[in-house]
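In what follows, a single structure is set out as structure tokens and then discussed.
Read-outs throughout are calculated quantities, based only on the coordinates presented, and are distinct from any laboratory measurement. None of the values given here were measured: they were computed from a predicted structure. Cβ placement follows ideal geometry from the backbone for every residue including glycine, while neighbour counts extend to all protein chains displayed.
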Amino acid sequence: MAKLLNLDEEYFTNKFADTSYTLVGFNYYPPCPKPDHVFGLRPHTDGSAITVNFIDADVSGLQFEKNSTWYNVPIVPTALVVNIGDVMEILSNGFFKSLMHRVVTNTEKERLSLAMFYSLDMEMDIEPVPDLLDDKRPPRYKIKNKDYIAKQTYIFATGKQTIDTLKI
Ligand SMILES: O=C(O)CCC(=O)C(=O)O
Ligand SMILES: [Fe+2]
């Protein structure tokens with residue numbers, strides 16, 4: 001990803017090196033009699049730089065959005081699903097887009113997933129990489145990581161997208 005932005009190959013691995021913040025979430029989705037009315041997880045983007053998902057081997061449910069259409073993420077045994085989150089969108093000043101995704105429920109079967117959210121040190125500012133900015137490409141977002149995480153929890157509950165509230 002750093003190479004795609006013409007940055008040093010190690011740029012992100014160095015930035016996330018010693019003090020990065022990683023959150024692990026286990027998701028359990030019980031069977032639901034009304035999948036047309038109830039999401040397992042409503043549409044959202046992740047508050048991470050990248051998320052690594054280990055999805056259920058038997059029950060699908062994860063979907064992502066592209067051009068206003070929802071697509072199923074296929075189950076590929078033992079494969080990890082990696083998606084971009086808001087922090088990478090901010091660092092790249094919008095070059096990479098965080099992925100809108102959701103989980104739908106199943107009438108018959110329960111489903112499990114494990115998500116690892118990789119992000120920056122809590123005390124760091126989340127702001128675009130300076131080398132990516134110039135007069136034509138001004139910074140589009142800025143916030144301290146711990147303020148972002150606090151904000152995200154609150155905003156998720158309101159149904160809005162956190163990244164939309166950070167735009168300069
Ligand atoms: O259950 C899944 O497959 C995805 C979970 C997810 O999107 C999340 O925990 O943010
Ligand atoms: Fe997610």
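Checking each residue in the stretch 107-116 for being of a type outside the set (D, E, K, R), more than 22 Å from ASN14 (Cβ to Cβ) and surrounded by fewer than 18 Cβ atoms within 10 Å (Cβ to Cβ) picks out THR107, LEU112, LEU114.
Looking only at residues of the stretch 3-14 that are of a type outside the set (A, V, I, L, M) and more than 15 Å from GLU89 (Cβ to Cβ), we find that the one that is surrounded by the most Cβ atoms within 10 Å (Cβ to Cβ) is TYR11.
Looking only at residues of the stretch 7-19 that are free of Cβ contacts under 8 Å to residues at least 12 places away in the same chain and part of a loop (DSSP other than H, G, I, E, B), we find that the one that is nearest to PRO130 (Cα to Cα) is ASP8.
For the stretch 26-59, what are the residues that are in contact with a helix residue (DSSP H, G or I) (Cβ under 8 Å, 6 or more places away or on another chain) and either more than 23 Å from ASP147 (Cα to Cα) or within 11 Å of ligand 2 (Cβ to nearest atom) (or both)? So that I can check it myself, show each step before the final result.
Here is the first cut: in the stretch 26-59, the residues in contact with a helix residue (DSSP H, G or I) (Cβ under 8 Å, 6 or more places away or on another chain) are 44-50.
Those that are in contact with a helix residue (DSSP H, G or I) (Cβ under 8 Å, 6 or more places away or on another chain) and either more than 23 Å from ASP147 (Cα to Cα) or within 11 Å of ligand 2 (Cβ to nearest atom) (or both): HIS44, THR45, ASP46, GLY47, SER48.
SER119 falls short on exactly one of the conditions (1) among the small types (Gly, Ala, Ser); (2) touching a residue at least 60 places away in the same chain (Cβ under 8 Å); (3) more than 22 Å from GLU10 (Cα to Cα), and that condition is (3). Scanning the stretch 71-85 for residues that are closer than 29 Å to PRO128 by Cα and either part of a strand (DSSP E or B) or more than 15 Å from ligand 2 (Cβ to nearest atom) (or both) returns VAL81, VAL82, ASN83, ILE84. Of all residues in the stretch 55-75, those satisfying the criterion of being surrounded by fewer than 16 Cβ atoms within 10 Å (Cβ to Cβ) and in contact (Cβ under 8 Å) with a residue 24 or more places away in the chain are ASP58, GLU65, TRP70.
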